[in-house]
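Enquirer: Here it is, the structure in full.
The values are calculated or read from the model by the stated rules, or taken from the named source; none is laboratory data. Just so we're clear, the structure is a prediction, and the values are computed from it rather than from any experiment. In this analysis, Cβ positions are derived from the backbone assuming ideal geometry, glycine residues included, and neighbour counts consider all displayed protein chains.
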Amino acid sequence: MIRIRPATEADFAALLQVQKEAFGEYATVYEVSAWTTETIDSLKQDAKDKRIFVAEKDEVMAGSVRFWSVAGVCVIRLLSVSPSHQHQGVGKAMIRKIEQVTTGAHKFYACTMLRTARNVHFFLSLGYKAETVLPNHYHHLDLICFAKYREPAAGK
C-alpha cells in the first residue's frame, strides 16, 4: 500500500536521497545537478512557501513532490520516485493526492524534461495535456509543460 503524507523536516535527508537517485537517471541526457546536489538547507527554504508530500511504500520512502498554488493554478514540481519503486503507482498516487487536497485550484501545471518519453507518457496517462514547450530553459533543459483543468462543479 502507498501512503502519501506531508513531509516533515525529519524526512528531508531521505527525500533528498530519493530525489538524487530519481534525477540521477537522467544525468546522461540533461544537466540535473540542481536536483541531485540540493542541500537540506535549500530544501528547508523551499518548504517555507511550498507544500511537500512524501510517498511511503512498505514503510520506506518511495517518492516526493512539491507544489503550491497561485491564482487558482497549482504548480507541481520535483516529482521524484526512487528507481526501485517506479512503475508501482507511486507517482500517480502523489499527483492524485495533490489534485484531491488542492481544492481551490482550477488548473494543475507541471513540467518535465522533453526528452523523457516515460515522463511525457506519465502525465498524459493522468489526463494532462501538453500545453507549452520551453526550449533551452532552466539549466539549459528542454521542458514540456502539461496542464489539467478541474471540471467545474455541477450547477456552477
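Enquirer: Among what's in segment 102-122 and is in contact (Cβ under 8 Å) with a residue 40 or more places away in the chain and under 19 Å from Ser80 (Cβ atoms), pick the residue that is surrounded by the fewest Cβ atoms within 10 Å (Cβ to Cβ).
Expert: Within segment 102-122, the first condition is being in contact (Cβ under 8 Å) with a residue 40 or more places away in the chain, and the residues that meet it are 105-108, 113, 115-116.
Checking the rest, the ones that are also under 19 Å from Ser80 (Cβ atoms) come to 108, 113, 115-116.
Details: Phe108: 24, Met113: 18, Arg115: 14, Thr116: 16.
So, considering only residues that are in contact (Cβ under 8 Å) with a residue 40 or more places away in the chain and under 19 Å from Ser80 (Cβ atoms), the one surrounded by the fewest Cβ atoms within 10 Å (Cβ to Cβ) is Arg115.
Enquirer: Now for a different question. Which residue pairs have Cβ atoms under 8 Å apart, sit 6 or more places apart or on different chains, and have a first residue in segment 70-91 that is over 14 Å from Glu56 (Cα atoms) and a second that is in a strand (DSSP E or B) and among the charged types (D, E, K, R)?
Expert: That search, which allows pairs on different chains as well, returns Gly72/Lys107; Val73/Lys107; Cys74/Lys107; Ile76/Arg66; Arg77/Arg66; Leu78/Arg66.
Enquirer: With the structure loaded, tell me whether Ala130 is in contact with a helix residue (DSSP H, G or I) (Cβ under 9 Å, 6 or more places away or on another chain), closer than 15 Å to Ile144 by Cα and assigned to a strand (DSSP E or B) or whether it fails that test.
Expert: Values: in contact with a helix residue (DSSP H, G or I) (Cβ under 9 Å, 6 or more places away or on another chain): yes; closer than 15 Å to Ile144 by Cα: yes; assigned to a strand (DSSP E or B): yes.
Yes; evaluated as a whole, the condition is true for this residue.
Enquirer: Filter segment 83-96 for residues that are over 12 Å from the mean Cα position of the chain (by Cα) and surrounded by fewer than 18 Cβ atoms within 10 Å (Cβ to Cβ); which is nearest to Leu16 (Cα to Cα)?
Expert: Filtering segment 83-96 for residues that are over 12 Å from the mean Cα position of the chain (by Cα) and surrounded by fewer than 18 Cβ atoms within 10 Å (Cβ to Cβ), the one nearest to Leu16 (Cα to Cα) comes out as Pro83.
Enquirer: Continuing with the same structure: List the number of the failed condition for Asn136; all other conditions in (1) of a type in the set (S, T, N, Q); (2) closer than 23 Å to Arg3 by Cβ; (3) in a loop (DSSP other than H, G, I, E, B) hold.
Expert: Among (1) of a type in the set (S, T, N, Q); (2) closer than 23 Å to Arg3 by Cβ; (3) in a loop (DSSP other than H, G, I, E, B), Asn136 violates only (2).
Enquirer: Shifting gears a bit: For segment 123-142, give me each residue that is within 25 Å of Gly89 (Cβ to Cβ) and crowded, with 20+ Cβ neighbours inside 10 Å. If you could, list the steps in order and put the result at the bottom.
Expert: Step one: list which residues in segment 123-142 are within 25 Å of Gly89 (Cβ to Cβ), which gives 123-131.
Listed by number, the residues that qualify are Phe123, Tyr128.
Enquirer: So which residues in segment 102-156 are basic (Lys, Arg) and in contact with a Cys (Cβ under 8 Å, 6 or more places away or on another chain), if there are any at all? Steps first, answer last, please.
Expert: Taking segment 102-156 and keeping what is basic (Lys, Arg), we get 107, 115, 118, 129, 148, 150, 156.
Selection gives Lys107 alone.
Enquirer: When you scan segment 47-82, how many residues do you find that are over 13 Å from Leu15 (Cα atoms) and either among the aliphatic types (A, V, I, L, M) or surrounded by fewer than 20 Cβ atoms within 10 Å (Cβ to Cβ) (or both)? Give the steps one after another, and end with the answer.
Expert: Of all residues in segment 47-82, those over 13 Å from Leu15 (Cα atoms) come to 48-51, 57-59, 67-77.
Cutting the leftovers down to either among the aliphatic types (A, V, I, L, M) or surrounded by fewer than 20 Cβ atoms within 10 Å (Cβ to Cβ) (or both) gives us 48-51, 57-59, 68-73, 75-77.
Selection size over segment 47-82: 16.
Enquirer: Okay, next question. Please enumerate the residues belonging to segment 97-123 that are within 11 Å of the chain's Cα centre (by Cα) and at pLDDT 95 or above.
Expert: Keep residues of segment 97-123 that are within 11 Å of the chain's Cα centre (by Cα), which gives 98, 109-112, 119, 123.
Hits for segment 97-123 are Ile98, Tyr109, Ala110, Phe123.
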